[in-house]
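Below: the structure, in structure tokens.
Bear in mind that the values in this text are calculations on the coordinates, not laboratory data. All of these numbers come straight from a predicted model, not from anything done at the bench. Positions of Cβ are backbone-derived with ideal geometry, glycine not excepted, and every protein chain shown enters the neighbour counts.
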Amino acid sequence: MIYPLLDSIRLSLYSTDGSGTFSFAGLANYIALVTDPQWSEPFWNALLNNFKFFCVHMFVQNPIGIMLAALLSLPKLTGRTTYRTLIFIPTMLSVVIIGFIWQLILSPLWGVSETLLSFVGLTDWFQPWLGQEGTTLVTLSLISVWQFVGIPMMLIYAAMLNIPHDLVEGAIIDGATHWEIFWHIKLPLILPTIAMVSILTFVANFNAFDLIYAVKGALAGPNFSSDIMGTLFYRTFFGFQLQLGNPTMGATIATMMFMVILLGVLLYLFILQRKLRRYAL
């Protein structure tokens, strides 16, 4: 993995002309990526969309995962194995299959979502969510949340199983409710696991590509409203339709993706993890 990474960084320092000749350009590609309107507009749009994509997962997927893990850890819950399996099954399915299924469900022509909404009197709420600029990215994010919520659920559930039973039993004897036990005992003890899940969510979402490509294609429509760094890199490096591939600018975008992820991981290691260690002490 080290050699392709270093070679991509090296390639980002070159430029190429129409004949395919490479020449050293230094930081010119990076300057063009953030200042030249031809490159900066799609780059900043994709970066912003990536942050939106991450925020939906961070503030929707992870809290739901924590809630599901807390419910599964209740001692009197029957059928927890069945629930756990059903929630985790979508994680094992192909992203292409998930994208195709949800396209069928949400289709205004033959989808069942409008019919399902009519059963609860919410027919007026139905919209072509995958076809509108304002709702496409959020809809795709929620589809991804539905598929991968089982991962944070399982990680946090495993952490809760490691909590000593004596602490929980003592709290129950003292008259604490399940909510009080979760808030004052379980949650502080699983904070390191939640932090790890958060950084894994950050890395995974800034490497995202497959769901957007499977549902909206490389153009990430409509009007690039669902474009993220992965799809921008794909179009730039390999080319798409009338857009010719540009390997040096593609390597520049890939390096910027790496730098953003590296910065997030460093912030986690040197700020959040240090605070968690102080809290544990």
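Points to keep in mind about this one:
- Ordered by the count of other Cβ atoms within 10 Å of each Cβ, fewest first, Asp124, Asp227 give Asp124, Asp227.
- Relative contact order, percent, the chain [alpha-carbon distance under 8 Å, six or more residues apart]: 26 percent
- With respect to the chain, whose longest principal axis is taken over its alpha-carbon atoms, helix 80-92 is tilted by about 0°.
- Three semi-axes of the equivalent ellipsoid, the chain, Cα gyration tensor, whole Å, largest first: 40, 27, 14
- The chain: angle of helix 62-72 to the longest principal axis, Cα-based, in degrees nearest 10: 30 degrees
- Local net charge near Ala176, Cβ-Cβ under 13 Å (Lys/Arg +1, Asp/Glu -1): -2
- Per-residue Cβ neighbour counts within 10 Å put Met1, Met67, Met256 in the sequence Met1, Met67, Met256, beginning with the fewest.
- Helix-only mean residue ellipticity at 222 nm for the chain, each DSSP H run of n ≥ 4 adding -39500 (n - 2.57), per residue, nearest 500: -20000 deg cm²/dmol
- Its residue count N fixes a reference of 2.2 N^0.38 Å for the stretch 62-207, and the Cα radius of gyration divided by that reference is 1.28.
- In terms of overall dimensions, the C-alpha atoms belonging to the stretch 166-235 reach 60, 20, 15 Å along their principal axes, ordered largest to smallest.
- Against the empirical 2.2 N^0.38 Å (N residues), the stretch 154-281 has a Cα radius of gyration ratio of 1.56.
- Taken about its Cα centre, the stretch 178-281 carries a charge dipole of about 380 debye when Lys and Arg each add +1 at the Cβ and Asp and Glu each add -1 at the Cβ.
- Cα-only radius of gyration and Dmax that characterise the stretch 1-131, units Å: 23.4, 70
- Normalised contact order of the stretch 1-113, rounded percent, pairs of Cα under 8 Å and 6 or more residues apart: 8 percent
- Sorted by Cβ neighbour density within 10 Å, fewest at the top, the residues Lys216, Lys52: Lys52, Lys216
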